[in-house]
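Trainee: Before anything else, here's the structure in question.
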Amino acid sequence: MGGCFSVSLSCDQVVNQVSQWLCVRESYIHCLEENLTALEKTMDDLKAKRDDLSRKVEREEDRGLRRLTQIQVWLTRVETIDSQVNDLLSVRNTEIQRLCLCGFCSKSFKKSYRYGKRVFMMLKEVENLISDGIFEVVAEQAQASEVVKRPVQPTILGREKMLEIAWNHLMEDGVCILGMYGMGGVGKTTLLTQINNKFVKKEDVFDIVMWVVVSKDLQIQKIQEEIAKKLGLAGDGWNQKDEDQKSCDIHNVLRRKKFVLLLDDIWAKVNLTKIGVPYPNRENGSKVVFTTRS
């Protein structure tokens, strides 16, 4: 007859498929305590692997290298899984108390089934993370941080002394921030440029020298963008982050470096913390130099 079809399955096939399905469902309940114990132990193994890898990465970063993106992705996945496992284990006792008949059944089959399935699936995910967490290389050479020598106007007679005074003062151990102020056109930017160029001979002292033009329209993300380019952080992923995330990324790099930040043409207060720049002090040996009309 047109438009009709039939499917023929043997009775044995149907029984086998139904039996397998029921066994899988019941195993989530019957093996719940066993799976919970395995999940807790496997999660401890994963966290130990995470801690070892983090220490290895930090040692490489202390050498001036930059962690690979795949390392950060894996570490982020571990933190996410850790939180999810903690949520599951926090209701462990309540779920076990639902079991009856020596763990073969549950007082609430539906709830126990759902919980048991989540535990089983989470155990497999943790095991997969452990397998994925094998890395031969964890960091790479960061972008070159050499000082960019900037073009500068010929030094006006008498300015050599001013440059010498500013430079000598900046190089004192107790001086972390140096401000140069004056009305427009007196040569503040020229003096800052000359200071920047003198750091060419100090590349073995400072890890990185950054130049940022702030201008009257203060934009934190614009400053972050210029710093990110110098640190090798800029890219597609960077553009998707908000101001706070960018601040954290910048801080995590600069806190390991002895840096110089040159800010030209400041018109308003610049919050270094908001940008992500660690406050310069005697301990970190970093310097901030700025020019302003105020």
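The values are calculated or read from the model by the stated rules, or taken from the named source; none is laboratory data. Note that the structure is a prediction, hence the values are computed from the model and not measured. No Cβ is skipped: glycine too gets one built from the backbone with ideal geometry, and neighbour counts run over all protein chains shown.
Trainee: State which residue is surrounded by the fewest Cβ atoms within 10 Å (Cβ to Cβ) when the search covers only region 190-221 and only residues that are charged (D, E, K, R) and more than 25 Å from ARG159 (Cβ to Cβ).
Mentor: Filtering region 190-221 for residues charged (D, E, K, R) gives 198, 201-204, 207, 216-217.
Then drop every residue that is not more than 25 Å from ARG159 (Cβ to Cβ), which leaves 204, 207, 216-217.
Working: ASP204: 6, ASP207: 18, LYS216: 9, ASP217: 8.
This residue is ASP204.
Trainee: Here is a list of conditions, (1) at pLDDT 90 or above; (2) out of contact with any Phe, Trp or Tyr (no Cβ under 6 Å at 6 or more places or on another chain); (3) closer than 20 Å to THR292 by Cβ, and PHE259 meets all of them except one; can you say which number that is?
Mentor: With (1) at pLDDT 90 or above; (2) out of contact with any Phe, Trp or Tyr (no Cβ under 6 Å at 6 or more places or on another chain); (3) closer than 20 Å to THR292 by Cβ applied to PHE259, the lone miss is (3).
Trainee: Now for a different question. Among the residues of region 252-278, how many are within 25 Å of GLY184 (Cβ to Cβ) and in a helix (DSSP H, G or I)? Spell out the reasoning first.
Mentor: Of all residues in region 252-278, those within 25 Å of GLY184 (Cβ to Cβ) come to 260-272, 275.
From what is left, the residues that are in a helix (DSSP H, G or I) are 272, 275.
Matching residues across region 252-278 total 2.
Trainee: Give me the pairs: first residue in region 262-273 and in contact (Cβ under 8 Å) with a residue 24 or more places away in the chain, second residue surrounded by 13 or more Cβ atoms within 10 Å (Cβ to Cβ) and part of a helix (DSSP H, G or I), beta-carbon distance under 6 Å, and six or more apart or on different chains, which are they?
Mentor: Pairs found: LEU262/LEU192; LEU262/ASN196; ASP264/THR189; ASP264/LEU192.
Trainee: In addition: Output the number of residues of region 222-247 satisfying the condition of being surrounded by 15 or more Cβ atoms within 10 Å (Cβ to Cβ) and of a type outside the set (D, E, K, R).
Mentor: Selection size over region 222-247: 10.
Trainee: Within region 158-189, can you find the residues that are in contact (Cβ under 8 Å) with a residue 12 or more places away in the chain and part of a helix (DSSP H, G or I)? Show your work before the answer.
Mentor: Looking only at region 158-189, we keep the residues that are in contact (Cβ under 8 Å) with a residue 12 or more places away in the chain, and these are 159, 162-163, 166-167, 170, 173-184, 187-189.
Passing the criteria: ARG159, MET162, LEU163, ALA166, TRP167, LEU170, LYS188, THR189.
Trainee: Going residue by residue through region 40-53, is there one that turns out to be under 19 Å from ARG114 (Cα atoms) and modelled with pLDDT of 80 or more? Spell out how you get there, then give the answer.
Mentor: As a first pass, look at region 40-53 and keep what is under 19 Å from ARG114 (Cα atoms): 40.
So of that shortlist, the ones also modelled with pLDDT of 80 or more come out as 40.
Within region 40-53 (the criterion being under 19 Å from ARG114 (Cα atoms) and modelled with pLDDT of 80 or more), the answer is yes, since at least one residue qualifies.
Trainee: Return a yes/no flag: does region 233-251 have any residue that is in contact with a strand residue (DSSP E or B) (Cβ under 8 Å, 6 or more places away or on another chain), assigned to a loop (DSSP other than H, G, I, E, B) and modelled with pLDDT under 85.
Mentor: Taking region 233-251 and keeping what is in contact with a strand residue (DSSP E or B) (Cβ under 8 Å, 6 or more places away or on another chain), we get none.
No.
Trainee: If you don't mind, there's one more thing I want to ask. Can you spot a residue in region 202-219 that is under 19 Å from HIS169 (Cα atoms) and modelled with pLDDT of 90 or more?
Mentor: Taking region 202-219 and keeping what is under 19 Å from HIS169 (Cα atoms), we get 202-203, 205-206, 209.
Subsequent filtering for residues that are modelled with pLDDT of 90 or more retains 209.
Checked against the condition, which is being under 19 Å from HIS169 (Cα atoms) and modelled with pLDDT of 90 or more, region 202-219 yields at least one hit.
Trainee: Listed residues SER286, SER215; which is closer than 30 Å to ALA139 by Cβ, of a type outside the set (D, E, K, R) and in contact (Cβ under 8 Å) with a residue 12 or more places away in the chain?
Mentor: On the way: SER215 fails: closer than 30 Å to ALA139 by Cβ.
Checking each option against the conditions leaves just SER286.
Trainee: Considering only region 109-139, state which residues are exposed (fewer than 13 other Cβ atoms within 10 Å of the Cβ) and modelled with pLDDT under 85.
Mentor: Across region 109-139, the qualifying residue is only LYS110.
Conditions (1) within 31 Å of the chain's Cα centre (by Cα); (2) closer than 20 Å to ASP264 by Cα; (3) hydrophobic (A, V, I, L, M, F, W, C), marked per residue:
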position	(1), (2), (3)
ALA139	yes, no, yes
VAL148	yes, yes, yes
ARG159	no, yes, no
GLY184	no, yes, no
THR189	no, yes, no
ILE220	yes, yes, yes
ILE227	yes, yes, yes
GLY237	yes, no, no
GLN240	yes, no, no
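Trainee: Condition check: within 27 Å of ARG159 (Cβ to Cβ) and touching a residue at least 24 places away in the same chain (Cβ under 8 Å). Does VAL277 satisfy that?
Mentor: No, not satisfied.
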